[in-house]
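The values are calculated or read from the model by the stated rules, or taken from the named source; none is laboratory data. All values derive from a computational prediction rather than experimental measurement. Every residue, glycine as well, gets a Cβ built from its backbone with ideal geometry; the counts of neighbours run over all protein chains shown. Side chains are part of the model used for accessible areas, which takes the heavy atoms of the whole protein and leaves out ligands, DNA and RNA. Shrake-Rupley method; radii C 1.70, N 1.55, O 1.52, S 1.80 Å.
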Amino acid sequence: MDRKYWETIAPKYETEIFDVLRNDTSGIIVAAIEQMASRKKTVIDIGCAVGKWIPVLAPKFKQVIAADISAINLRIAKEKYQQYDNVEYTRMDMSADDLTVTPCDTAICINAILTDSLEKRINFFQSLSICLNKGGKLVLVVPSLESKLYTNIIANRWNVDDEKGDKPPEGKKAIRQIRNIKQGVTDIDDVPTKHYLKEELELLLTLEGFKVDRVEKINYGWNTEFHKPPKWLKGPHPWDWMCTAKKTS
Ligand SMILES: C[S@@+](CC[C@H](N)C(=O)[O-])C[C@H]1O[C@@H](n2cnc3c(N)ncnc32)[C@H](O)[C@@H]1O
């Protein structure tokens, strides 16, 4: 999941990539953003992609920095949201060793720290801190490892979507998957993707100088995981983790 991957995905982004804003029917993320919003504050949307959060952010903040590693994503977002004159589009690699950025008062980062590379994730979490002024607030959403395992267990136990018909991985692929799962990296559509434990997320943010305020589930429908979810399958539903935090040092 390097820059090339995201540039290639960009033109087909709408069909390929899960839409958190549309699927968070509880509105928990928007409510968290509204809590930290002010027309006197700046906000950075880290990993903004094609700019889905811009209509949420632009009317509520003084200035929005829409940042992404993909130039094509940024071009699409800029084209789409011309009506907002307080948005600045910036190509930025949050995993770079030498990130220079003007810190903002607030930040959102929605499902952007997905890389299977530990080195890139370490830099990304450090950059989260660099992007914020002291006292700045962060809304971070990441895939949940607990949810992914829960989904796998249900799929296997009740053979959802004929899960037992899937050929188990062999050889190098099997070795890669075993190595990855130990690090919380598991495939989404055959792409190794980092998933996080709640405790891990709290630790990672604390080590970067954040005080974690709350970690909450963003629940989704079962149709986001299965083609044919069993009719009896209700809650708990699959989820991402949303964390709100304050930069304290
Ligand atoms: C799954 S998309 C999420 C998009 C958006 N936040 C949303 O919720 O609709 C992940 C985005 O993170 C961006 N990204 C991945 N690694 C990045 C990095 N190192 N620096 C900046 N952006 C990155 C990708 O280009 C992609 O647009």
Original post:
Got at least one residue in region 38-54 being surrounded by fewer than 20 Cβ atoms within 10 Å (Cβ to Cβ) and either modelled with pLDDT under 95 or hydrophobic (A, V, I, L, M, F, W, C) (or both)?
Top reply: no
Original post:
Which members of region 124-175 meet the condition of being assigned to a strand (DSSP E or B), within 14 Å of the ligand (Cβ to nearest atom) and not aliphatic (A, V, I, L, M)?
Top reply: PRO143
Original post:
All but one of (1) near the ligand (Cβ under 10 Å from one of its atoms); (2) on the phi < 0 side of the Ramachandran plot; (3) open to solvent by 20 Å² or more (accessible area, probe 1.4 Å) hold for ASN111; which doesn't?
Top reply: (2)
**OP:** Filter region 30-41 for residues that are more than 15 Å from the ligand (Cβ to nearest atom) and not small (Gly, Ala, Ser) and give the result.
**Re:** GLU34, GLN35, MET36, ARG39, LYS40, LYS41
Subject >> Every residue from region 54-94 that is assigned to a loop (DSSP other than H, G, I, E, B) and farther than 16 Å from LEU132 by Cα >> reply: ALA58, PRO59, LYS60, ILE69, SER70, TYR81, GLN82, GLN83, TYR84, ASP85, ASN86
**OP:** Identify, from the list ASP105, ASP161, ASP116, the residue that is open to solvent by less than 70 Å² (accessible area, probe 1.4 Å) and touching a His at 6+ places or on another chain (Cβ under 7 Å).
**Re:** ASP161
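Yes/no per residue for (1) at positive phi; (2) of a type in the set (A, V, I, L, M); (3) more than 10 Å from the ligand (Cβ to nearest atom); (4) out of contact with any Lys or Arg (no Cβ under 9 Å at 6 or more places or on another chain):
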| site | (1), (2), (3), (4) |
| --- | --- |
| ARG3 | no, no, no, yes |
| GLU16 | no, no, no, yes |
| LEU21 | no, yes, no, no |
| ILE28 | no, yes, yes, no |
| VAL43 | no, yes, yes, no |
| ILE46 | no, yes, no, yes |
| GLY51 | yes, no, no, no |
| VAL56 | no, yes, yes, yes |
Subject >> Output for region 207-234, where each listed residue is open to solvent by 50 Å² or more (accessible area, probe 1.4 Å), closer than 20 Å to LEU197 by Cα and assigned to a loop (DSSP other than H, G, I, E, B) >> reply: GLU225
**OP:** Please find, within region 73-102, the residue that is least open to solvent (accessible area, probe 1.4 Å) out of those that are within 11 Å of the ligand (Cβ to nearest atom) and charged (D, E, K, R).
**Re:** ASP93
**OP:** Could you please find all residues in region 165-222 being modelled with pLDDT under 95, over 18 Å from ASN111 (Cα atoms) and touching a strand residue (DSSP E or B) at 6+ places or on another chain (Cβ under 8 Å)?
**Re:** ARG176, GLN177, ASN180
Original post:
Restricting the search to region 170-182, which residues are free of Cβ contacts under 8 Å to residues at least 40 places away in the same chain and either open to solvent by 60 Å² or more (accessible area, probe 1.4 Å) or within 29 Å of GLY235 (Cα to Cα) (or both)?
Top reply: GLU170, LYS172, LYS173, ILE175, ARG176, GLN177, ILE178, ARG179, ILE181, LYS182
Subject >> Condition broken by LEU203, with the remaining ones in (1) in contact with a helix residue (DSSP H, G or I) (Cβ under 7 Å, 6 or more places away or on another chain); (2) open to solvent by 30 Å² or more (accessible area, probe 1.4 Å) satisfied >> reply: (1)
